[in-house]
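J.: Input: one structure, supplied below.
Just so it is clear, none of the values below were taken in a lab; they were calculated from the coordinates. Here the structure is a predicted model, which is why all the values come from computation and not from measurement. Don't worry about glycine lacking a Cβ; one is built from the backbone with ideal geometry, like all the others, and counts go over all protein chains shown.
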Amino acid sequence: MNPKIALITGGSRGLGRNSAIKLAQRGVDVILTYRSQQAEAAAVVAEIEQLGRRAVAVPLDVAQVGGFPAFAVAVKAALKTHWQRERFDYLVNNAGIGVHAAFADTSEAQFDQLMNVHLKGPFFLTQALLPLLADGGRIINISSGLARFAVPGYAAYAAMKGGIEVLTRYQAKELGSRGIAVNTIAPGAIETDFGGGMVRDNAEVNAFLAAQTALGRVGVPDDIGGVIASLLADDNRWINAQRIEASGGMFL
Ligand code: NAP
């Protein structure tokens with residue numbers, strides 16, 4: 001049987017990287033994207049190949065909607081070259097950046113950057129990739145715990161994540177006729193490079209967030225990749241249009 005193929009944006013580092021490897025461990029091949037860290041992306045490809053799966057890294061800036069038609073062409077070519085296939089099975093809209101600014105101080109440029117990366121990008125990227133996504137496939141949009149609870153400094157970021165949660169339900173409604181299930185995973189605070197590595201590297205922030213978490217610590221990438229990989233497994237095919245928070249129980 002043909003292996004499933006997942007396309008993960010921002011697969012070079014952090015949660016996307018961890019998800020790519022967890023999917024490969026479950027027998028899924030991966031197309032991962034990177035924006036700037038080509039060497040990191042190549043290292044993920046090599047790690048997946050060591051697991052006996054196939055992987056390809058393709059450059060993508062999710063903030064540049066004008067580049068999406070060319071990206072779709074590159075994905076189509078990669079599918080043909082590496083898999084002799086026309087379609088992939090799972091899309092994980094993961095790529096993202098953290099910008100920390102109080103509501104009162106957030107500039108239009110910061111707002112636009114967050115909107116482009118976290119809302120407009122995933123909206124039109126998914127649209128551009130629809131012809132390449134198999135009927136019966138799946139989409140996971142990555143949101144954030146910050147769309148449910150409020151931590152000062154994330155008004156614009158969390159507003160975009162709230163938007164992606166609404167978009168998830170609309171996509172589920174409109175793509176259901178093709179058998180495509182669409183869900184949101186909302187991670188809590190995780191130790192990655194995100195936001196300058198603040199959760200990982202700032203001991204005060206780390207301790208504050210750990211104290212707000214029922215399981216008593218902040219998350220690590222290994223807490224998330226498996227959630228994404230298992231949600232994409234066939235056992236979970238009837239889960240649709242849901243927001244699933246993976247935060248260890250933050251701000252209950
Ligand atoms: P990360 O470690 O900083 O990794 C970010 C990834 O996104 C990298 O692969 C990066 O590519 C890519 N990327 C960044 N800007 C991009 C752009 N404009 N176009 C295309 N790719 C871009 O971050 P992370 O923690 O894994 O975050 C992944 C997702 O989880 C994001 O959507 C974030 O909002 C969400 N999230 C994170 C946390 C957390 O605490 N870490 C919590 C909740 C939600 P390069 O390596 O090439 O730069």
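J.: Can Ala189 be described as closer than 17 Å to Phe251 by Cα, near the ligand (Cβ under 10 Å from one of its atoms) and touching a Ser or Thr at 6+ places or on another chain (Cβ under 8 Å)?
T.: yes
J.: I've got another one for you. How about the stretch 70-97: which of its residues are out of contact with any strand residue (DSSP E or B) (no Cβ under 8 Å at 6 or more places or on another chain) and either among the β-branched types (Val, Ile, Thr) or within 16 Å of the ligand (Cβ to nearest atom) (or both)?
T.: The answer is Ala70, Ala72, Val73, Thr81, Ile97.
J.: Something else now. If only one of Ser177, Ser144 is in contact with a Lys or Arg (Cβ under 7 Å, 6 or more places away or on another chain) and either within 21 Å of Gly98 (Cα to Cα) or more than 12 Å from the ligand (Cβ to nearest atom) (or both), which one is it?
T.: One residue alone meets the criteria, Ser144.
J.: Hey, another quick one. Select, from Ala210, Ala233, the only residue that is free of Cβ contacts under 8 Å to residues at least 12 places away in the same chain and of a type outside the set (D, E, K, R).
T.: Ala210
Residue-wise test of (1) within 20 Å of Val28 (Cβ to Cβ); (2) within 16 Å of the ligand (Cβ to nearest atom); (3) among the aromatic types (Phe, Trp, Tyr).
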{"site": "Ala203", "(1), (2), (3)": "no, yes, no"}
{"site": "Leu209", "(1), (2), (3)": "no, yes, no"}
{"site": "Asp222", "(1), (2), (3)": "yes, yes, no"}
{"site": "Arg237", "(1), (2), (3)": "yes, no, no"}
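J.: Pairs needed: first member in the stretch 50-77, farther than 18 Å from Val92 by Cβ; second member anywhere, outside any helix (DSSP H, G or I); C-beta distance under 7 Å; at least 6 residues apart or different chains.
T.: Pairs found: Gly67/Asp61.
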